[in-house]
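The values are calculated or read from the model by the stated rules, or taken from the named source; none is laboratory data. Keep in mind it's a predicted model, so treat the numbers as computed, not measured. When we count neighbours, we look across all protein chains shown, and the Cβ atoms used for this are built from the backbone with ideal geometry, even at glycine. SASA here: full protein model, heavy atoms, side chains in, ligands and nucleic acids out. Shrake-Rupley method; radii C 1.70, N 1.55, O 1.52, S 1.80 Å.
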Amino acid sequence: MSSSNNSNRDDDLTPKILSSTQTSVASQRHYSLSQENGVSSVGEVMTLSYVYPVRKTLLDEKKEYRQKEEMKSLEEHRLVVQQQLENNINMEDWKNDLGTSVLKDIQLLSAKILSENTKIHAEMSCTQRAYHYILPLRWLNGGREIEKWWLENRNNVIQSEDNNDILYGIGGEMRAKKPPPNDTLQRLKFALRSAECKRIAQDGSENLNLASGRYGVLALKERKPWHNFANPNLKGDASPNNKPVWKVIDRCRIVQFVCHETIEDTQAMAIIEFRGDDFLAEQIRRIIGSVVAICNEWLPDDFIQNATQMDMFIKTPAGPMNHMYFAEARFHFNELVDGQRLFEETDIPNTNTLRAMVDIQNKIMARICSPTTNYLESLWLASLQKNVAPKIRNELKSLFTASSSLSASSVLTETPIIYSECLSMLRDVVSAGRWPTTSSARSKVIKNNPNKGNNATIIDSGSFTVINPKFNDGLLMNDDRIKIPLGNQLFPDLVSSIFDLEEELSKDPNSEGYQRPSSSHCAVNRNAQFTPHVDSGRGSGQSLSMIVGLGDYTGGELLIEGESSNIRYNPIQFDGW
């Protein structure tokens with residue numbers, strides 16, 4: 001697809017490309033939304049902005065050139081697209097990975113010349129993305145029986161609206177008269193729908209998780225945090241406190257059944273469609289892995305609902321790669337203006353797209369059914385059952401046990417003398433009603449703020465930061481570029497006591513020096529339950545944080561990667577970055 005502008009005539013009549021955008025390329029979106037490797041495509045949309053090699057003043061010349069552009073064949077447009085891709089891609093890397101003919105498989109399914117006034121950005125104007133994942137039925141308990149049932153019924157299916165008989169789902173809108181032999185399909189549908197985001201009832205109350213800004217009823221869907229389903233290498237960038245992980249899945253359904261036939265065997269597979277506003281790297285594969293485990297009763301039915309709670313941090317199983325393709329991109333607001341879909345006129349009735357989709361499905365299925373892939377995926381399935389799923393169940397058990405312990409009474413012990421001075425000063429701050437307000441940035445990672453939403457004038461909980469006045473010989477205190485926190489100004493004696501306490505706790509009894517360098521900052525928290533997050537900065541050459549709890553309280557355990565630790569008078573070092 002191309003858009004165009006005017007320019008002065010050059011000797012070279014080849015259009016000069018100014019810029020290009022692609023739907024699946026996260027150039028202006030957060031990099032966590034980048035499409036992972038191993039994903040094919042029939043729905044990629046690319047915009048090319050280029051200048052006409054004509055003079056602005058000659059309208060007839062401009063009109064003639066535009067007409068020539070509109071009459072170009074798809075192959076001519078494909079060559080322009082291919083050249084732009086070659087300019088954008090490090091071809092040497094591609095050649096090393098995939099061979100010298102890497103771009104020969106690129107097909108231009110449709111092209112459209114847009115008017116000069118049309119503003120469309122393939123990446124940012126896209127309002128809905130759809131991916132298809134090809135799931136072998138044999139991965140599911142009872143799947144071989146369903147496979148046999150479908151193969152027997154595939155040539156004898158009818159449209160549900162044309163018959164009043166009792167019909168049974170067979171994929172998409174197709175129905176069969178013969179019932180399925182077991183409840184495998186029903187369990188699969190249930191597990192898939194558990195990943196869909198629900199529509200929020202409009203009762204007049206404010207809902208911060210509403211997908212505002214989307215088109216029509218899509219704006220009424222609830223955003224969910226998919227941090228547990230993101231690529232683990234994203235680490236803090238996939239925190240539930242970061243906006244990119246809050247996404248909407250509009251649809252997660254079986255849309256089709258397909259089969260691949262060889263001399264030895266015929267395998268049936270389900271096409272699972274994921275349709276939503278955007279997807280994190282590995283999100284779809286991790287939903288697939290979870291769905292397979294749920295269907296096979298290796299994980300609980302409510303696993304996906306629990307794993308999309310912002311205060312839940314749990315590992316998720318990733319399904320195999322190379323089963324997925326990008327199926328469609330929607331541009332609802334542009335479609336509203338034009339009164340039709342983007343390529344409705346140039347691909348009627350989507351024959352090129354359908355042909356390409358069948359071709360990609362066949363290539364993926366041929367790869368899936370190869371002996372090597374069959375063997376590797378059988379190992380994956382066995383590992384999911386015997387290793388991955390049991391570990392996740394144990395994590396869930398530990399998390400729920402830790403959560404229930406928050407309301408249980410802790411065994412209180414006498415305050416060790418080393419903590420007495422600091423604890424006394426903290427209690428004085430609370431009793432005097434001088435606890436500072438929590439910053440807006442810190443509030444985003446605190447789950448329970450008792451004063452939120454009421455008219456309390458005395459704050460007795462939350463979090464504030466202080467800096468170490470002795471750090472690097474007072475460097476931070478004497479730097480005009482650094483704003484001194486309010487805590488340092490209000491409580492200078494408390495600040496000194498805090499970092500003196502750290503110094504004592506950091507002493508290594510087995511050496512004459514210190515095991516750990518002094519911290520530059522300290523966060524002071526009271527009655528604050530934090531959501532899963534990573535620390536916002538790294539100290540000068542220091543990667544470890546220290547945390548310790550003082551006073552009489554219940555709960556308050558530290559959870560790191562699902563493991564709970566009691567920190568009451570028990571300092572713990574951890575990597576918070």
Of all residues in region 260-278, which are assigned to a strand (DSSP E or B), open to solvent by less than 30 Å² (accessible area, probe 1.4 Å) and not aromatic (F, W, Y)?
Q267, A268, M269, A270, I271, I272, E273, G276
Being at pLDDT below 85, open to solvent by less than 60 Å² (accessible area, probe 1.4 Å), in contact with a strand residue (DSSP E or B) (Cβ under 6 Å, 6 or more places away or on another chain) and under 27 Å from E328 (Cα atoms) narrows it down to one residue among L114, L135, L167; which is it?
L114
Exclusive hit being surrounded by 15 or more Cβ atoms within 10 Å (Cβ to Cβ), assigned to a helix (DSSP H, G or I), under 19 Å from the mean Cα position of the chain (by Cα) and of a type outside the set (D, E), set I360, I288:
I288
Suppose we keep only residues that are of a type in the set (A, V, I, L, M) and not in a strand (DSSP E or B) within region 119-132. Which one would you say is most open to solvent (accessible area, probe 1.4 Å)?
M124
For region 238-257, state whether one or more residues are assigned to a strand (DSSP E or B), aliphatic (A, V, I, L, M) and surrounded by fewer than 19 Cβ atoms within 10 Å (Cβ to Cβ).
yes
State all residues of region 187-222 that are farther than 23 Å from A130 by Cα and either polar (S, T, N, Q) or modelled with pLDDT of 85 or more (or both); if no residue qualifies, say none.
Q202, S205, N207
Looking at A293, A281, A327, which one is in contact (Cβ under 8 Å) with a residue 60 or more places away in the chain and either in a strand (DSSP E or B) or surrounded by fewer than 20 Cβ atoms within 10 Å (Cβ to Cβ) (or both)?
A327
Is there a residue in region 401-416 that is more than 25 Å from the chain's Cα centre (by Cα), over 24 Å from S239 (Cβ atoms), at pLDDT 90 or above and among the charged types (D, E, K, R)?
no
Any chance you could count how many residues in region 18-32 are more than 12 Å from T47 (Cβ to Cβ) and in contact with a helix residue (DSSP H, G or I) (Cβ under 8 Å, 6 or more places away or on another chain)?
5
